[in-house]
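Colleague: Got a structure for you, written out below as structure tokens; questions coming shortly.
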Amino acid sequence: MGKNTIFICKLNVLSLKVENLSCMFRLRCWIIIFGGILFLISPKLNAQENDPDFDLLMAADTGSVTYARVALIEGAEVNYRSEDGITALMYASANGHLDVVELLLENDANPNLEPYYTYKTALYTAVENGYVEIAELLILNGADMSVKNGFGVNLLHVAAENHVWEMIDL
């Protein structure tokens, strides 16, 4: 592109987590690059109180029990699903965030929900990633141990395949 070429694109959703400011934002804007300068046009910042469901997903994904607690207080649905059907409990379990998993289960998160495409429950991803303590907690809270993914692979296979021998005793 030349120096005076205009490059325009629409940025639908950019998810940011700003720890230093103790808040999370979603930014929707147009990005225009002109003469090597980046312009953000009409940004709309939605603070966490405007979308507690989204904030709960972000908090679970990043392991922030504080943000998860705030989102729940602000009215987030504990079993809210992303566009792919992923819940906060699935994010927290897959990423090893035990304290967030505990908080979500205390608030009646359903450990047996499946995403829309992968059929991997919170327990399945905890086993897959070797998070034994999270798997035990999910089982104690009613997680279905007979779950299989879309290819018919069960938890015992996943544990063995990933060399997570402690899981086999569960």
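Colleague: Could you derive backbone 3J(HN,Hα) for segment 133-146 from the dihedral phi with the Karplus parameters 6.51, -1.76 and 1.60 (θ = phi - 60°), listing whole Hz in sequence and x where the residue is Gly or Pro?
Modeller: 4, 5, 4, 4, 4, 5, 4, 4, 9, x, 5, 6, 7, 8
Colleague: Which cross-chain or sequence-distant (5 or more) residues have an amide H under 5 Å from the amide H of Lys148, H modelled 1.01 Å from N in plane?
Modeller: For Lys148, no residues qualify.
Colleague: Accessible area per residue for segment 48-94 in Å², computed with a 1.4 Å probe and the full protein assembly in place, what is it?
Modeller: Numbers: 1940 Å² over 47 residues.
Result: 41 Å² of accessible area for each residue.
Colleague: Rounded to the nearest 20 debye, what is the charge dipole size of segment 54-158 about its Cα centre when +1 sits on each Lys and Arg Cβ and -1 on each Asp and Glu Cβ?
Modeller: Values: 4 positive and 15 negative charges, 55 e Å.
It comes to approximately 260 debye.
Colleague: Among 53-61, 154-162, 135-143, 121-129, what's the highest-first ranking by average C-beta atoms within 10 angstrom per residue?
Modeller: Details: 53-61: 24.9, 154-162: 16.3, 135-143: 19.3, 121-129: 27.0.
Order by mean packing, descending: 121-129, 53-61, 135-143, 154-162.
Colleague: Please state the shape class of segment 93-170: rounded when a/c is under 1.5, otherwise prolate if a/b exceeds b/c and oblate if not, all from the C-alpha gyration tensor. Kindly include the intermediate steps, with their values, before the conclusion.
Modeller: Numbers: a/c = 1.80, a/b = 1.25, b/c = 1.44.
It comes out oblate by the Cα gyration axes.
Colleague: For Asn162 and Thr66 in the same chain, what is the full-extension length gain: residue separation times 0.36 nm, less their Cα-Cα distance, in nm?
Modeller: Working: separation 96, 0.36 × 96 = 34.56 nm, distance 3.13 nm.
Answer, rounded to one decimal: 31.4 nm.
The values are calculated or read from the model by the stated rules, or taken from the named source; none is laboratory data. Because the structure is predicted, anything quoted here is derived from the model rather than measured. Quick reminder, even Gly has a Cβ in these numbers, built from the backbone with ideal geometry, and neighbours come from all protein chains shown. What goes into the accessible areas is simple: the full protein's heavy atoms, side chains included, and nothing from ligands, DNA or RNA. Shrake-Rupley method; radii C 1.70, N 1.55, O 1.52, S 1.80 Å.
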